[in-house]
Amino acid sequence: HKTIFLANVVNPDPMMSEAAISAVFQLKNTDFIHDLKRLDQKEAIKRFQRINTTESEDAIPTLKFEIIAWFSKVQLLKNIPGLILLEFAKHAEIINTPSGKQIAKYKSIREMDYYIVYQGLLGVVVNGKIIKKYKPKGFVNYWDFIDDYRSDYKVVALEDTSFYKIPREQFNETISFYEEVPIAILTSKNKNRLSTTVSKVY
């Protein structure tokens, strides 16, 4: 069994590797980390250590299959197939940042990366004013500002915040292969806008 687990831990497929690491961690087998070091499996060691240090139930999901499951609960992503969410999860960088920190600055909204809030609050700031806030499961995206032609957009943590960052290049490359992604996002946004309009009327 140890050989099978070890073979899957070093599997280049991140989901297979992380599933095996998770199983090893639950078995509390401390010999595996020594085997990984002996085999010079640096990436697998990083994954093992990341999982090993994720103790709190409230901690941001780090395993690819957990990230996919969580992404599927985000309003703008929930109608996107799991295999496509996997592509996003592969490129998602996990970031924990304190309140008040500027995360990024963009000359144009078209240059902006994509962010998904797990805990806390992110804000998009222009000319010192917060133009939009994103709470947990909020998806900071280009489409929210598609008709906005201002410059110097900043993404700022308004509280201590944990979030996923998906680089613009990787996200846009993925949606270029899967036309259902922008369709699903825009459809969801239109439904949400209609729901908001109706609630305001009443």
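Coordinate-derived values only; no laboratory data. Just so it is clear, the model here is predicted, and its values are computed rather than measured. Methodologically, a virtual Cβ is constructed for each residue, glycine included, from the backbone with ideal geometry; neighbour enumeration extends over all protein chains shown.
Going by neighbour counts of Cβ atoms within 10 Å, the residues Ile84, Ile67 line up, fewest first, as Ile84, Ile67.
Fewest neighbouring Cβ atoms within 10 Å first, the residues Tyr115, Tyr142 line up as Tyr142, Tyr115.
Past 28 Å, Cα to Cα: identify those pairs from Lys132/Lys165; Lys64/Lys129; Lys64/Lys107; Lys78/Lys107; Lys64/Lys135, in the order given. Can you show the working numbers first?
Details: Lys132/Lys165 17 Å; Lys64/Lys129 35 Å; Lys64/Lys107 32 Å; Lys78/Lys107 30 Å; Lys64/Lys135 22 Å.
As for pairs spanning more than 28 Å Cα to Cα, those are Lys64/Lys129; Lys64/Lys107; Lys78/Lys107.
Put a dot 7 Å past the Cα of Ser72, heading toward its Cβ, do the same for Tyr106, and the two dots end up 2.8 nm apart. Which residues in region 111-138 place their backbone N less than 19 Å from a point set 7 Å from the Cα of Glu93 along the Cα-to-Cβ direction? Flagged as within label range: 111-119, 121-125.
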